[in-house]
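Some notes on the structure that comes next.
The values are calculated or read from the model by the stated rules, or taken from the named source; none is laboratory data. None of these values were measured; they are calculated from a predicted model. Neighbour counts are summed over all protein chains in view; Cβ atoms, including those assigned to glycine, are modelled from backbone coordinates with ideal geometry. Surface areas here come from the heavy atoms of the whole protein model, side chains and all, with no ligands, DNA or RNA. Shrake-Rupley method; radii C 1.70, N 1.55, O 1.52, S 1.80 Å.
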Amino acid sequence: MSATLEGYNFAYLDEQTKRMIRRAVLKAVAIPGYQVPFGSREMPLPYGWGTGGIQVTASIIGADDVLKVIDQGADDTTNAVSIRRFFRRTAGVATTTRTEEATLIQTRHRIPETPLREGQILVYQVPIPEPLRWLEPRETETRKMHAFADYGIMHVKLYEDIARFGRIATGYNYPVMVNGRYIMSPSPIPKFDNPKMDRNPALQLFGAGREKRIYAVPPYTRVESLDFEDHPFEIERWERACALCGSTESFLDEVVMDDRGGRMFVCSDTDYCESHRPDRSEQEAAE
Amino acid sequence: MYVAIKGGETAIDNAHALLAEKRRGNPAVPELSLTQISEQMALAVDRVMTEGSVYDRELAALAIKQARGDLVEAIFLLRAYRTTLPRLATSEPLDTAAMAVQRRISATFKDLPGGQVLGPTFDYTHRLLDFTLAANGQDVPTPEPADEPLSADLPRVAELLNQEGLIETAEDGEDGPVGDLTREPLTFPAGRDLRLQALARGDEGYLLALGYSTQRGYGNSHPFAGEIRMGEVTVEIVPEELGFPVEIGTVTVTECEMINQFKGSKTQPPQFTRGYGLAFGEAERKAMSMALVDRALRCRELGEEATVPAQDEEFVLSHADSVEAQGFVQHLKLPHYVDFQSELVLVRALRAEAEARAEQEKGSEEKE
């Protein structure tokens, strides 16, 4: 643990705060999908920039952990770089960009393409933890709705989408039902990633710092995307493959090449993309 | 050909180096010292201490310097520092009646025991730019000392009204332990202790606008500035091993008690009610705005119907904190291209369906 920040505790937070957050995490794991209020601290990074995820990561990270941080699927987006650096400075832990090597992955807006395994923990940064928030702005009301599992307004909303647009018009932050009990916001991941949450062998933790909520999906928990029998849930599809690795399985980002409609599609998961490039596997074979 | 952002780490380092250079400005101009900021930008320091929730002029001055004068950013810096500090003790309630007053005015009585004391105020200055200030070294007038010292007895205006029973008294039980929203998450409905804490930390501009709205008809609170006082008060704590209060220092605060009309309810006769505001340093606008909003938020307890934004506790308190608000507004700068891609896919699909439908309708019209 060399070159860590002087004058601060391991992973920045003091041990009392970590204990308080771990308690909230344990409660969240015990009640999958339920939003546990916690005494979120003011962090040296801005609210809305991952303070919830950072606090969860800081509370559970150990000196032996290997940390990966992604934003939009990529390890080298500026905020991912900044958060990874924060933990290198405050905890001195090893970091990686390889999904398989990581024991702890903090993410914003994506789930890695490479399947997670038992023992790994995925920490999501959550801006608005309340899946019903856009239907009912009041916390006092939405907490009651969850308590009574009174989810009528959500089903009406999805139905109205179908009536107006012929489909459920939600592309990201697509609501899920966890363990058959709580409707949960998967955080603003594309709905493409929703099926990965279902019965995932890894522990999934969600931290919302500004809104002061933690929730969890324990390993192998049922996570269903809301739908109707005659309008089953479906994910985004692209008519092309990644321009760099040729994958037809991954979520693609659209990159604007010029101002004449030129577009290029590449994997949003940079680690996945790099490990699937044909040139790389040829290189490795040659070595 | 790969155009997606790479090399984020170097870019961040370079951006921060540029920021440091910009912060310093022209190196030929002497650098500001923290003492200069705290002495000559005193009200900026007061605001940063109030909303940053730390009474420390030097740290606040440092935050202002580091933030290039951006007070909201300075408040954020101070808060992020505050969060790491241990909580050693909770002070006894401040006795503002025993304040060493620099300013004390009441708009409800022409004169009152202890008198009206204007103190250092912008009020009644004509807002004419003073070009002599632009030149260095102008003469600073020395204020004439008063003929007699201020009375040690400066009763609070609310207490004077209380003798006649014309104003509500503080409810029983308000002396109990107070909550701390920086340790426990705020839940609704919030107690008045937490509400006042949230307002004291709240953004001045936001509270000013909300308070203003209650005066303009979005609320019906008929406020009077019962009393505004500013000066030093002593802070006391009771160390566990001693069991009695000891003085640990003094802080300068501005306190405002608004007096509001109340028509009475089934259980209470008509009387005046109070709204309370308190801020570190000289922060009169903040304290007054806070008092207006506090009174508006007391609607539930006073049996008034909540009909306007300033009375909506969840709305007011959830959006008052500038550190939360500025973070979430500015997080829109972060990449959202995955979400946006999902939206693109969706909107293209919806448009394709809409166009197909339009074609179909056109086709069937042509057949007819």
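What number of residues within region B:307-331 satisfy the criterion of being β-branched (V, I, T) and either touching a Cys at 6+ places or on another chain (Cβ under 8 Å) or within 14 Å of chain A (Cβ to nearest Cβ) (or both)?
3
Name the residue that is farthest from the other protein chains (Cβ to nearest Cβ), counting only residues in region A:83-94 that are surrounded by fewer than 18 Cβ atoms within 10 Å (Cβ to Cβ) and on the phi < 0 side of the Ramachandran plot.
That would be A:A94.
When you go through (1) part of a loop (DSSP other than H, G, I, E, B); (2) touching a Lys or Arg at 6+ places or on another chain (Cβ under 7 Å); (3) touching a residue at least 12 places away in the same chain (Cβ under 8 Å) one by one for B:F262, which number turns out not to apply?
Going through the list (1) part of a loop (DSSP other than H, G, I, E, B); (2) touching a Lys or Arg at 6+ places or on another chain (Cβ under 7 Å); (3) touching a residue at least 12 places away in the same chain (Cβ under 8 Å), B:F262 breaks only (2).
Mind checking which residues of region B:183-212 are within 10 Å of chain A (Cβ to nearest Cβ) and within 17 Å of B:Q311 (Cβ to Cβ)?
Listed by number, the residues that qualify are B:F188, B:P189.
Please state which of the following conditions B:E282 fails to meet, knowing it meets all the rest: (1) touching a Pro at 6+ places or on another chain (Cβ under 8 Å); (2) of a type in the set (D, E); (3) within 14 Å of another protein chain (Cβ to nearest Cβ).
(3)
Do we find that B:R47 is in contact (Cβ under 8 Å) with a residue 60 or more places away in the chain and farther than 18 Å from B:A20 by Cα in this structure?
Spelling it out, B:R47 is indeed in contact (Cβ under 8 Å) with a residue 60 or more places away in the chain and farther than 18 Å from B:A20 by Cα.
Of everything in region A:160-178 that's among the hydrophobic types (A, V, I, L, M, F, W, C) and within 14 Å of chain B (Cβ to nearest Cβ), which residue is farthest from the chain's Cα centre (by Cα)?
Restricting to residues being among the hydrophobic types (A, V, I, L, M, F, W, C) and within 14 Å of chain B (Cβ to nearest Cβ), the top hit is A:A163.
What's the number of the only condition in (1) more than 14 Å from chain A (Cβ to nearest Cβ); (2) surrounded by fewer than 22 Cβ atoms within 10 Å (Cβ to Cβ); (3) within 27 Å of B:M41 (Cα to Cα) that B:E304 fails to meet?
Looking at each condition in turn, B:E304 falls short on (3).
Of all residues in region B:307-323, which are open to solvent by 30 Å² or more (accessible area, probe 1.4 Å), under 23 Å from B:V72 (Cα atoms) and not in a loop (DSSP other than H, G, I, E, B)?
B:F315, B:S318 - these are the residues of region B:307-323 that are open to solvent by 30 Å² or more (accessible area, probe 1.4 Å), under 23 Å from B:V72 (Cα atoms) and not in a loop (DSSP other than H, G, I, E, B).
Among the residues of region B:246-264, are any closer than 23 Å to B:L43 by Cβ, at pLDDT 95 or above and open to solvent by 60 Å² or more (accessible area, probe 1.4 Å)?
Yes, region B:246-264 has at least one match.
State all residues of region B:28-59 that are within 18 Å of B:A80 (Cβ to Cβ) and outside any helix (DSSP H, G or I); if no residue qualifies, say none.
Matches in region B:28-59: B:S53, B:V54, B:Y55, B:D56.
Within region A:177-211, count every residue that is among the hydrophobic types (A, V, I, L, M, F, W, C), in a strand (DSSP E or B) and surrounded by 24 or more Cβ atoms within 10 Å (Cβ to Cβ).
Counting residues in region A:177-211 that are among the hydrophobic types (A, V, I, L, M, F, W, C), in a strand (DSSP E or B) and surrounded by 24 or more Cβ atoms within 10 Å (Cβ to Cβ) gives 5.
Exactly one condition in (1) touching a Lys or Arg at 6+ places or on another chain (Cβ under 8 Å); (2) within 30 Å of A:L252 (Cβ to Cβ); (3) assigned to a loop (DSSP other than H, G, I, E, B); (4) not aliphatic (A, V, I, L, M) is false for A:P46; which is it?
All conditions are met except number (1).
Kindly indicate the residue of region B:114-148 that is of a type in the set (A, V, I, L, M, F, W, C) and in a loop (DSSP other than H, G, I, E, B) and also least open to solvent (accessible area, probe 1.4 Å) among those meeting that condition.
Checked region B:114-148; the qualifying residue least open to solvent (accessible area, probe 1.4 Å) is B:A135.
State whether one or more residues within region B:220-227 are open to solvent by 40 Å² or more (accessible area, probe 1.4 Å), touching a residue at least 12 places away in the same chain (Cβ under 8 Å), outside any helix (DSSP H, G or I) and within 14 Å of another protein chain (Cβ to nearest Cβ).
Looking through region B:220-227, none of the residues is open to solvent by 40 Å² or more (accessible area, probe 1.4 Å), touching a residue at least 12 places away in the same chain (Cβ under 8 Å), outside any helix (DSSP H, G or I) and within 14 Å of another protein chain (Cβ to nearest Cβ).
Restricted to region B:80-91, and to residues that are within 14 Å of chain A (Cβ to nearest Cβ) and of a type in the set (A, V, I, L, M, F, W, C), which residue is least open to solvent (accessible area, probe 1.4 Å)?
Looking at residues that are within 14 Å of chain A (Cβ to nearest Cβ) and of a type in the set (A, V, I, L, M, F, W, C), I get B:A80.
Does region B:102-113 hold any residues that are in a loop (DSSP other than H, G, I, E, B) and touching a strand residue (DSSP E or B) at 6+ places or on another chain (Cβ under 7 Å), and which are they?
B:S106, B:A107, B:T108
Identify, please: which residue in region B:277-301 is basic (K, R) and open to solvent by 50 Å² or more (accessible area, probe 1.4 Å) and is, among those, farthest from B:F76 (Cα to Cα)?
B:R300
Do you know which residues across region A:247-281 are more than 14 Å from chain B (Cβ to nearest Cβ), over 22 Å from A:G171 (Cα atoms) and part of a loop (DSSP other than H, G, I, E, B)?
Correct list: A:R260, A:H276.
Among the residues of region A:62-82, is any open to solvent by 40 Å² or more (accessible area, probe 1.4 Å) and either farther than 23 Å from A:I189 by Cα or in the same structural domain as A:Y272 (by TED's automatic domain parsing) (or both)?
Within region A:62-82, one or more residues are open to solvent by 40 Å² or more (accessible area, probe 1.4 Å) and either farther than 23 Å from A:I189 by Cα or in the same structural domain as A:Y272 (by TED's automatic domain parsing) (or both).
Please go through region A:216-251 and pick out each residue that is crowded, with 18+ Cβ neighbours inside 10 Å, under 22 Å from A:D198 (Cβ atoms) and among the hydrophobic types (A, V, I, L, M, F, W, C).
If the condition is that a residue be crowded, with 18+ Cβ neighbours inside 10 Å, under 22 Å from A:D198 (Cβ atoms) and among the hydrophobic types (A, V, I, L, M, F, W, C), then A:A216, A:V217, A:V223, A:L226, A:F251 are the ones that fit.
Condition test on A:G62, is it more than 19 Å from the chain's Cα centre (by Cα), within 30 Å of A:G180 (Cα to Cα) and part of a loop (DSSP other than H, G, I, E, B)?
Here the answer is no, as A:G62 does not meet what is asked.
Would you pick out the residues in region A:114-126 that are within 14 Å of chain B (Cβ to nearest Cβ) and of a type in the set (A, V, I, L, M, F, W, C)?
The one that is within 14 Å of chain B (Cβ to nearest Cβ) and of a type in the set (A, V, I, L, M, F, W, C): A:V126.
Somewhere in region B:92-110, is a residue within 20 Å of the chain's Cα centre (by Cα) and either of a type in the set (K, R) or surrounded by 12 or more Cβ atoms within 10 Å (Cβ to Cβ) (or both)?
yes
Within region B:329-351, which residues are open to solvent by less than 60 Å² (accessible area, probe 1.4 Å) and not acidic (D, E)?
Scanning region B:329-351 gives B:H331, B:L334, B:P335, B:H336, B:V338, B:Q341, B:S342, B:L344, B:V345, B:L346, B:A349, B:L350.
Give me the residue from region A:127-159 that is open to solvent by 10 Å² or more (accessible area, probe 1.4 Å) and in contact with a helix residue (DSSP H, G or I) (Cβ under 6 Å, 6 or more places away or on another chain) and, out of that set, nearest to the other protein chains (Cβ to nearest Cβ).
For region A:127-159, the residue satisfying everything is A:R138.
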